[in-house]
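Rule-based calculations on the coordinates, nothing more; no lab input. Quick caveat: nothing in here was measured; it's all calculated off a predicted structure. Here the Cβ positions follow ideal geometry from the backbone for every residue, glycine too, while neighbour counts run over all protein chains shown.
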Amino acid sequence: MSVTAIIVAAGRGTRVGGDRPKQYQALGGRAVLGHTVAAFDAHPRVTGVVVVLHPDDDDLFADAMQGLEIDVITVPGGATRDASVQAGLNAAPEGTERVLIHDGARPLVTPDLIDRVIDALDDNPGAAPALPVTDALWKGADGKVQAPHPRDGLFRAQTPQGFHLRAILAAHADHPGGAADDVEVALAAGLDVAIVAGDEDNLKITHKQDFARAERVLRERDMDIRCGNGFDVHAFCEGDGVILCGIKVPHTHALKGHSDADVGMHAVTDAIYGALADGDIGQHFPPSDPQWKGAPSDIFLKHAVNLAGERGYRIANADLTLICERPKIGPVAGAMRAEMARLMGMELDRVSVKATTSERLGFTGREEGIAALATVTLVRP
């Protein structure tokens with residue numbers, strides 16, 4: 001079934017203000033219309049996209065499509081919305097059976113909403129998303145309430161409004177013009193239009209404050225939260241102290257390792273690599289490479305932190321548990337937290353360092369070494 005999206009973007013959008021029409025103003029680093037077109041182009045059931053433009057907006061549209069490898073048909077709009085829609089319908093690719101007519105200033109349409117409209121067209125000549133009116137309604141005049149108005153059966157209309165192409169073309173041909181939307185045109189032609197569930201986030205940008213709300217929705221949708229864990233073990237060897245989280249802790253032994261054997265820092269580092277799905281310390285800093293012999297482990301930690309930053313993530317928190325009978329961690333846990341926070345560029349209250357024993361069980365219970373377990377959360381807004 002061939003489905004073409006007709007995106008109407010020929011309006012001027014003057015209520016928003018600014019030096020250009022609202023559909024070309026920036027939203028989350030991309031033009032509003034860029035988000036709208038991308039949403040339909042990415043949908044697997046949409047086979048074509050027609051964008052109806054104001055005749056003066058070709059350059060603005062080209063800028064809005066920067067960075068998007070999208071093949072769309074563009075057509076000049078008319079003096080009214082009706083005329084623009086008809087221009088888009090007439091430009092639909094050959095073989096189009098169904099159309100989704102959508103406002104260019106509704107950039108937050110979701111794949112699920114598009115699916116609901118397409119599915120409803122299996123049994124209806126038209127379908128449109130809407131939200132039931134839940135607030136009390138009044139009639140008013142001169143700034144005063146005149147009377148309540150029943151809200152039963154009232155809906156807030158949204159787009160995309162879907163139709164069988166031939167049916168809506170004929171409906172527009174017979175309509176005198178001036179319709180608020182295509183559902184009105186369809187009803188005037190006697191077409192049944194099914195109501196499907198709308199989406200509160202599918203807002204139409206109309207006023208300046210709508211941009212702030214749309215930005216919040218985008219941030220919530222695009223937020224990427226990842227969790228990684230790291231586990232490391234080092235055996236004791238002869239020495240007079242251990243390095244844990246960058247702090248030298250006096251002890252009857254040292255820890256054996258190719259680097260400085262900072263088991264705590266290694267676990268946190270591996271947790272970051274794990275959240276990034278990018279291997280572990282051994283892959284980035286092979287123990288077979290002599291340059292890392294005795295190297296301070298903050299080199300590894302800083303590399304992992306920087307790698308996360310380069311990929312757009314911030315470290316939301318890090319939680320480390322050291323497992324050993326001795327040395328006692330409690331007296332130096334605060335210093336360890338502070339050093340780890342400093343190295344990772346984080347607030348102290350986002351870094352946790354704690355310790356436990358293994359109740360004299362296993363190699364840590366026999367005081368043969370120290371184990372460490374870490375969990376790290378990365379967030380990309």
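For the reader, a short list of remarks on this structure follows.
- Here 96, 80, 14 are placed in order of increasing Cβ neighbour count within 10 Å, fewest first, which gives 14, 80, 96.
- Measuring nothing but how far apart in sequence close Cα pairs (under 8 Å, 6+ apart) lie, relative to its length, the stretch 153-264 scores a relative contact order of 14 percent.
- Based on Cα contacts under 8 Å between residues 6+ apart, the stretch 259-381 shows a relative contact order of 36 percent.
- Each helix, a run of at least 4 DSSP H residues, gives -39500 (n - 2.57); summed and divided by the residues of the chain, these come to -8500 deg cm²/dmol at 222 nm.
- Both the radius of gyration and Dmax for the stretch 224-380 are 14.8, 45 Å, in that order, over alpha-carbon atoms.
- Listed peptides 106-114, 262-270 appear in the order 262-270, 106-114 once ranked by packing, highest mean of other Cβ atoms within 10 Å at the front.
- Interchain or long-range residues, amide H under 5 Å from residue 27's placed H: 32
- Principal-axis tilt of helix 32-41 within the chain, Cα atoms, nearest 10 degrees: 90
- Sorted by Cβ density within 10 Å, fewest first, the residues 100, 154, 27, 218: 154, 218, 27, 100
- Each residue of the stretch 115-128 is assigned a 3J(HN,Hα), and the resulting list reads 4, 4, 5, 4, 4, 5, 6, 5, 10, 9, x, x, 7, 8 Hz, derived from the Karplus form 6.51 cos²θ - 1.76 cosθ + 1.60 (θ = phi - 60°), x at Gly and Pro.
- Computed with the Debye formula from one identical point scatterer per Cα of the stretch 14-137, without solvent, the log10 of I(q)/I(0) at q = 0.12, 0.19, 0.21, 0.22 Å⁻¹ comes to -0.50, -1.20, -1.39, -1.48.
- Cα long-axis angle, helix 165-174 against the chain (0 to 90 degrees, to the nearest 10): 40
- The chain: angle of helix 81-90 to the longest principal axis, Cα-based, in degrees nearest 10: 80
- Selection from 29, 335, 376, by position along the positive dipole direction of the chain (Cβ): 335
- Comparing 75, 249, 99 in a Gaussian network model of the chain where C-alpha atoms under 10 Å apart are linked, the largest mean-square fluctuation is found at 249.
- Based on the convex hull around the alpha carbon atoms, the stretch 3-221 presents an average projected area of 13.2 nm².
- Its Cα gyration tensor gives the stretch 173-274 an equivalent ellipsoid; the semi-axes, largest first and in whole Å, are 69, 15, 8.
- Among 237, 245, 324, the ranking by other beta carbons within 10 Å of each residue's beta carbon, starting with the fewest, stands as 237, 324, 245.
- Within the chain, longest stretch clear of exposed GluC sites (Glu not before Pro) (DSSP loop, no more than 10 other Cβ within 10 Å): 201-346
- Each residue of the stretch 304-310 is assigned a 3J(HN,Hα), and the resulting list reads 5, 4, 5, 5, 4, x, 4 Hz, derived from the Karplus form 6.51 cos²θ - 1.76 cosθ + 1.60 (θ = phi - 60°), x at Gly and Pro.
- Cα-Cα separations in the chain greater than 35 Å, expressed as whole percent: 49
- Altogether, the Stokes-Einstein calculation at 25 °C and 0.890 mPa s, with the Kirkwood radius of the stretch 121-247 over Cα pairs as Rh, returns a diffusion coefficient of 121 µm²/s.
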